[in-house]
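Each remark here refers to the structure printed beneath this line.
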Amino acid sequence: MTLAKPLQLTQTNYHSSEANREYFSVSQFKDFMECESKALAKINEEFEESYGNALLVGSYTHAAFESDEAFRTINEENSDVIFKKRGGGKYADFELADLMIETIKNDKFAMFAMEGEKEIILTAELFGVPWKCKIDSINHSRNTFTDLKTTRSLKQRFWSDKYQKYVSFVEAWDYVLQMAMYREIIHQNTGAYYSPYIVAVTKEDPPDKAVLHFDDSRFQFELDFVEHMMDRYIELKAGKTAPSRCEKCAYCRKTKQLKDTVEIGELV
Ligand SMILES: [Zn+2]
């Protein structure tokens, strides 16, 4: 028996369907948590999530910290989406992104937190399956890594079913889970546990900002949480069990077939 050689990930194929089939990632895990049917439909290329401009705005913001060349390239390749016709400047999403980029670039401490090698792809085997991740910034001389996050506001509270309490945007978007998983993947590659940081910048005008660190005690809960879900997600991805439907997400709405009436009390 010959084992298939694992797919070598590059900046070009990192987000490809081949890579998403072969590797788990934190975003795929989050897809499964949100809706198993949607997650599988995305893996099988039967459904594409509509993010509007959000993905490009995210890449644009990240490129600004990667290198001048990366930022120039993304501006050139997407000039019709970024720039208004007839020299009217940039569209509002990108004007705001520029404001957020400037906010971070003008803060020495935030820039210090971002120092390191950018957009680093790593893989590892966790819970019996291969995982991939792409780290915004990793610093091997001080054993740290940093992720850049944009958010509506730093102080907003969200109800979390997972934590059974009100939490910040960091927990609400499962960024602690992301950092815990990246920390394990880095550990497998380097033999050391690196400390994660989030450089957060808000979409307010003027933007607020913070460099966030994590108490180490937070990570084991997240790893246990992932491990608890993985048996099912591995079976789902292998097609060995049928996915449930959340009946809320865009995929479920799109594929919904009515069979019965709904008593109004069931709506909320
Ligand atoms: Zn759904």
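The values are calculated or read from the model by the stated rules, or taken from the named source; none is laboratory data. Only a predicted model underlies this, so the values are computations on that prediction, with no experimental measurement involved. So basically every Cβ, Gly included, is an ideal-geometry build from the backbone, and we count neighbours across all protein chains shown. Heads up: the accessible areas ignore ligands, DNA and RNA and are worked out on the full protein's heavy atoms, side chains in. Shrake-Rupley method; radii C 1.70, N 1.55, O 1.52, S 1.80 Å.
Say R0 is 25 Å: what FRET efficiency, to the nearest 0.05, do ARG253 and TRP159 get from their beta-carbon distance?
Working: r = 23 Å, r/R0 = 0.90.
About 0.65, to the nearest 0.05.
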Q | Paramagnetic reach from GLU18 in segment 239-255 [backbone N under 15 Å; point 7 Å along Cα→Cβ] | A | none
Q. Taking a point 7 angstrom from the Cα of GLN11 along the C-beta vector, which residues in segment 121-140 have backbone N less than 19 Å away?
A. 121-123, 133-140
Q) What are the extents of the Cα atoms of the chain along their three principal axes, listed from largest to smallest and rounded to whole Å? A) 55, 48, 41
Q. Which of PHE32, PHE109, PHE24 moves most in a GNM of the chain, Cα contacts under 10 Å?
A. PHE109
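When the accessible area of segment 77-141 is computed with all protein chains present and a 1.4 Å probe, what percentage of it is carbon and sulfur?
On segment 77-141, the fraction of accessible area on carbon and sulfur atoms equals 53 percent.
Name the helices (complete DSSP H segments) of the chain with a Cα length along the long axis of 30 Å or more and a Kyte-Doolittle mean of at least 0.5, or state none. Could you put the intermediate results ahead of the total?
On the way: long enough: none.
None pass (Cα extent of 30 Å or more, hydropathy at least 0.5).
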Q.
Could you sort the peptides 141-149, 215-223 by per-residue average Cβ neighbour count (10 Å cutoff), highest mean leading?
A. 141-149, 215-223
**Q.** Amide H contacts under 5 Å for TYR23, placed H, 5+ residues apart
**A.** none
Q | Shape of segment 89-196, Cα gyration tensor, a/c cut at 1.5 | A | oblate
(Q) If the elastic network links every pair of Cα atoms under 10 Å, which of ALA124, ALA70, ALA242 fluctuates the most in the Gaussian network model of the chain? (A) ALA242
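Can you tell me, using C-alpha contacts under 8 Å and at least 6 residues apart, the relative contact order of segment 1-73 as a whole percent?
The value is 16 percent.
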Q) Hey, what number do you get for the chain at 222 nm if only DSSP H runs of n ≥ 4 count, each worth -39500 (n - 2.57), divided across all residues, to the nearest 500? A) -12500 deg cm²/dmol
Q. Roughly how many Å² is the accessible area per residue of the chain, as a whole number, for a 1.4 Å probe?
A. 60
Q | Within a Gaussian network of the chain (alpha carbon springs, distance under 10 Å), most fluctuating of LYS155, LYS209, LYS105 | A | LYS155
Q) Over the chain, what is the percentage of antiparallel beta bridges among all DSSP beta bridges, to the nearest 5? A) 70
